Amino acid sequence: MQLANGARHDYAGAMGRQAKLMRLLATWLVALAWVDTAIADETSHTPSSITATESADAEARARQLFDQGNRLRAAGDCEGAVGYFLASRELLPSTPNTLNAAYCYYQLGQLDEALDLYEALLLDHGETLEEDLRSKLERRIAAILPQIARLAVRTTQPGATLVIDGRDRGSLSVEQSVVLMPGRHEVRIVKTGFVQALRRVDLVAGQRKTLSVELQPLTQRGVLRIASRAEASTPAVVWLDGASVGGLPFDAALAPGPHWVALEVGERGSGPQRITIIEGQVSLFEPELKPLGAVLRLSVSPPEAQLVLDGTPLLGSAFAGRLPMGKHSIRASAPGYISATQEIRVGPSEGRVLTLELAADTAHPRWRRPATSRVILSARARALLGSGLGSGPERCPGMCDSDGGARGAWLGAELDYRLPSNLQASASLGYGWMSTNSSRHVDQDVGTADEARYVLDDETRISGPWLAAGLGYVLDLSSWELSAQLHAGVMFAGIDLTTDGAVVRGADSAPVGVEHADRQRAALAFVLPEIELIYRTDNLRFGLAFGVLISPIGGSGNGRGEVGPIPDGNVDCAQVPAPVACARSSSLTKDELSVGRFVLFSPGVDLGWQF
């Protein structure tokens with residue numbers, strides 16, 4: 001299980017073929033043409049040979065992987081291509097596969113990985129690079145440096161393994177410097193016989209930070225034992241909690257509790273498996289070894305995510321290593337994010353780099369912004385429905401023929417100021433109108449020859465602007481709100497009370513009128529308790545409201561006079577009996593109220609915007 005952390009190997013030097021390598025690199029570099037911002041052409045060439053090597057098969061395989069990566073890169077799939085470039089580099093490190101892997105990491109925004117490879121290119125192959133290419137590499141590195149952070153880790157126990165975000169970063173001697181992206185990272189130092197040290201660090205772009213960690217010997221321990229299952233010549237690696245901790249046979253003291261262990265023996269091995277160490281006991285690990293696939297590099301954003309591989313919880317949000325060939329299940333979760341699950345298939349040779357981006361769960365308390373005061377402006381429409389307006393014509397015991405009830409509407413705008421405590425003050429204004437109809441009758445001079453009946457139809461109309469202020473409380477229900485408010489205000493109303501009808505005697509009738517039936521103006525006080533259910537999307541708000549409009553005082557007398565027949569100059573009132581057009585006036589309408597105390601129901605809708 002080989003972890004990729006920008007390892008800087010001079011493979012050509014190890015093979016003793018420097019001269020041939022330099023000639024080949026010179027040939028490839030002639031084909032390189034960079035641009036400062038994209039360095040796009042760095043991935044467009046195909047080398048005639050990756051490097052000189054004693055193994056023609058390895059060279060052919062490295063070239064094949066490189067070509068496959070180039071095809072994916074040309075199609076715009078850098079995420080798929082980078083695995084092939086890294087797999088080619090695992091076989092035979094060279095300028096082309098290192099450069100192309102760095103380019104893809106750069107395009108994917110993984111600047112820490114890109115910087116490692118760019119620096120490795122200068123370190124391992126710097127003497128063979130053309131001056132123009134070297135200059136552009138240095139400019140690219142200079143552009144990346146302000147965007148990343150460097151963490152130096154120190155420990156008092158040489159030989160411990162450094163694991164960052166679940167990924168092995170190599171063995172610590174005394175101090176090791178690591179390039180990381182800005183943000184929060186989990187740093188773990190692992191050494192058998194010692195308590196694992198866990199630190200969480202927050203880094204910002206351009207920062208250089210030093211972390212000193214002192215490992216403590218175990219005071220409680222169990223033993224993990226893995227017997228040798230291979231010939232001495234077969235390389236074997238034991239992975240513990242993301243760290244390479246030795247070979248086979250393996251026998252080491254560990255802290256009691258859950259751990260994950262994986263085994264790699266040559267080209268066979270196991271994926272991570274959970275094992276529980278019990279204090280004072282020896283735990284045997286004997287996994288089934290299966291053919292291993294290519295290196296898988298897996299990371300999850302955000303870095304604090306919990307990664308579960310084939311049901312085994314890993315430590316951290318990253319994994320880099322070899323898994324048995326076949327299908328595997330990956331699940332990632334983090335507080336405030338929507339969990340994600342993905343199935344992957346590991347093949348025999350091609351490398352793979354996979355990044356899972358968890359989507360934020362906007363309903364999670366983690367993303368709730370600190371409570372602040374808010375201003376809300378909304379348009380309001382209300383219907384008004386009730387039994388009446390308390391006018392004089394509606395108060396006619398024994399004389400009412402029909403009552404049409406009250407109806408109307410209010411339109412307006414409201415400005416709300418909401419405190420962090422969810423108490424809310426409001427000011428509103430608008431225009432409204434209401435009306436009611438009724439019918440009544442009254443008998444005049446009953447039992448005499450002048451007996452007559454007044455049959456009247458009355459209509460009260462109220463209209464005018466209104467102003468109100470209110471106080472309330474809002475219950476926050478995620479995307480919904482439930483508010484309760486009490487408004488108090490005044491309507492500057494114009495009031496018209498009109499009365500039509502006739503005075504009737506038998507088959508005869510005459511039209512009637514009311515003296516001084518002029519328009520009246522009044523300030524009508526009201527209160528409006530109201531509840532409202534509001535749905536919000538970002539700043540837009542839609543509400544359904546229900547309230548009760550109460551006018552507790554009503555208006556004063558309207559100054560109207562009596563109702564009587566409309567004078568007709570063609571009628572001789574000296575006749576006996578007198579014509580009905582000469583009937584005596586009725587005081588029924590004298591000084592009666594145009595509007596009194598009333599209660600109306602007020603359903604409605606709101607459309608608002610939160611600033």
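Assorted remarks:
- Single condition residue 359 does not satisfy, out of (1) modelled with pLDDT of 90 or more; (2) hydrophobic (A, V, I, L, M, F, W, C); (3) in contact with a His (Cβ under 7 Å, 6 or more places away or on another chain): (3)
- Identification of strands (runs of 3 or more DSSP E) wholly contained in region 540-611 with 2 or more residues that are among the charged types (D, E, K, R) and within 28 Å of residue 463 (Cβ to Cβ) yields no element.
- In region 414-444, residue farthest from residue 385 (Cα to Cα) [restricted to those that are of a type in the set (A, V, I, L, M) and surrounded by fewer than 20 Cβ atoms within 10 Å (Cβ to Cβ)]: 419
- Against the conditions (1) crowded, with 21+ Cβ neighbours inside 10 Å; (2) assigned to a strand (DSSP E or B), residue 202 satisfies every one except (1).
- Pick from region 537-556, criterion closer than 30 Å to residue 496 by Cα and among the β-branched types (Val, Ile, Thr), ranking: least open to solvent (accessible area, probe 1.4 Å): 548
- Hey, residue 167 open to solvent by 60 Å² or more (accessible area, probe 1.4 Å) and closer than 25 Å to residue 309 by Cβ or not: no
- The set of residues in region 332-359 that are open to solvent by 50 Å² or more (accessible area, probe 1.4 Å) and either in contact (Cβ under 8 Å) with a residue 40 or more places away in the chain or farther than 19 Å from residue 186 by Cα (or both) comprises 338, 339, 341, 342, 343, 345, 348, 350, 352, 357, 359.
- Listing of strands (runs of 3 or more DSSP E) fully contained in region 212-278 that carry 3 or more residues being touching a residue at least 60 places away in the same chain (Cβ under 8 Å) and within 28 Å of residue 154 (Cβ to Cβ): 243-246, 250-254
- Pairs with Cβ under 6 Å, 6+ apart, first in region 364-381 and under 15 Å from residue 481 (Cβ atoms), second open to solvent by less than 50 Å² (accessible area, probe 1.4 Å): 374/418; 374/610; 376/416; 376/608; 376/610; 378/414; 378/606; 378/608
- Condition check for residue 376: open to solvent by 70 Å² or more (accessible area, probe 1.4 Å), within 30 Å of residue 611 (Cβ to Cβ) and modelled with pLDDT of 85 or more: no
- Single unsatisfied condition, residue 494 versus (1) touching a Lys or Arg at 6+ places or on another chain (Cβ under 9 Å); (2) open to solvent by 20 Å² or more (accessible area, probe 1.4 Å): (2)
- The residue that is surrounded by the most Cβ atoms within 10 Å (Cβ to Cβ), counting only those in region 384-410 that are polar (S, T, N, Q) and closer than 14 Å to residue 595 by Cα, is 391.
- Within region 138-150, tally of residues that are surrounded by fewer than 22 Cβ atoms within 10 Å (Cβ to Cβ) and outside any helix (DSSP H, G or I): 2
- Taken over region 217-245, the criterion of being at pLDDT below 85 and either under 44 Å from the mean Cα position of the chain (by Cα) or open to solvent by less than 90 Å² (accessible area, probe 1.4 Å) (or both) is satisfied by 228, 230, 234.
- Residues in region 310-327 that are in a strand (DSSP E or B) and either at pLDDT 95 or above or touching a Gly at 6+ places or on another chain (Cβ under 7 Å) (or both): 318, 319, 322, 323, 324.
- Failed condition for residue 575, given (1) open to solvent by 30 Å² or more (accessible area, probe 1.4 Å); (2) within 30 Å of residue 442 (Cα to Cα); (3) touching a residue at least 24 places away in the same chain (Cβ under 8 Å); (4) of a type outside the set (A, V, I, L, M): (3)
- Of the residues making up region 506-536, those that are more than 25 Å from residue 441 (Cβ to Cβ) and open to solvent by less than 60 Å² (accessible area, probe 1.4 Å) are 522, 524, 525, 526, 527, 528, 529, 530, 532, 534, 536.
- Filter result for residue 157 (without any contact (Cβ under 8 Å) to a residue 60 or more places away in the chain, buried (at least 17 other Cβ atoms within 10 Å of the Cβ), more than 43 Å from the chain's Cα centre (by Cα) and not in a strand (DSSP E or B)): yes
- Residues of region 480-509 that turn out to be under 30 Å from residue 468 (Cβ atoms) and among the acidic types (Asp, Glu), as a count: 2
- With respect to being under 30 Å from residue 204 (Cβ atoms), without any contact (Cβ under 8 Å) to a residue 60 or more places away in the chain, open to solvent by 20 Å² or more (accessible area, probe 1.4 Å) and of a type outside the set (D, E, K, R), residue 76 falls outside the description.
- Filter pass, residue 464 being among the small types (Gly, Ala, Ser) and at positive phi: yes
- Test for residue 269: is it small (Gly, Ala, Ser) and open to solvent by 10 Å² or more (accessible area, probe 1.4 Å): no
- Annotation: of all residues in region 586-610 being at pLDDT 90 or above and open to solvent by 40 Å² or more (accessible area, probe 1.4 Å), the one that is farthest from residue 518 (Cα to Cα) is 609.
- Being small (Gly, Ala, Ser), touching a Pro at 6+ places or on another chain (Cβ under 6 Å) and more than 16 Å from residue 312 (Cβ to Cβ) holds for only one residue in 371, 363, and it is 371.
- Looking only at residues of region 182-196 that are within 34 Å of the chain's Cα centre (by Cα) and modelled with pLDDT of 90 or more, we find that the one that is surrounded by the most Cβ atoms within 10 Å (Cβ to Cβ) is 188.
- Test: residue in region 88-99 that is of a type in the set (A, V, I, L, M, F, W, C), open to solvent by 50 Å² or more (accessible area, probe 1.4 Å), under 38 Å from the mean Cα position of the chain (by Cα) and over 27 Å from residue 189 (Cα atoms): no
- When region 283-309 is filtered for residues that are open to solvent by less than 20 Å² (accessible area, probe 1.4 Å), in contact (Cβ under 8 Å) with a residue 40 or more places away in the chain and outside any strand (DSSP E or B), the ones remaining, listed by number, are 285, 302, 305.
- Residue among 127, 59, 113 that alone is closer than 26 Å to residue 167 by Cα, acidic (Asp, Glu) and part of a helix (DSSP H, G or I): 113
The values are calculated or read from the model by the stated rules, or taken from the named source; none is laboratory data. As the structure is a prediction and not an experimental result, all values here were calculated from the model. Virtual Cβ from ideal backbone geometry, glycine too; neighbours counted across all protein chains shown. Ligands, DNA and RNA are excluded from the accessible area calculation, which covers all protein heavy atoms including side chains. Shrake-Rupley method; radii C 1.70, N 1.55, O 1.52, S 1.80 Å.
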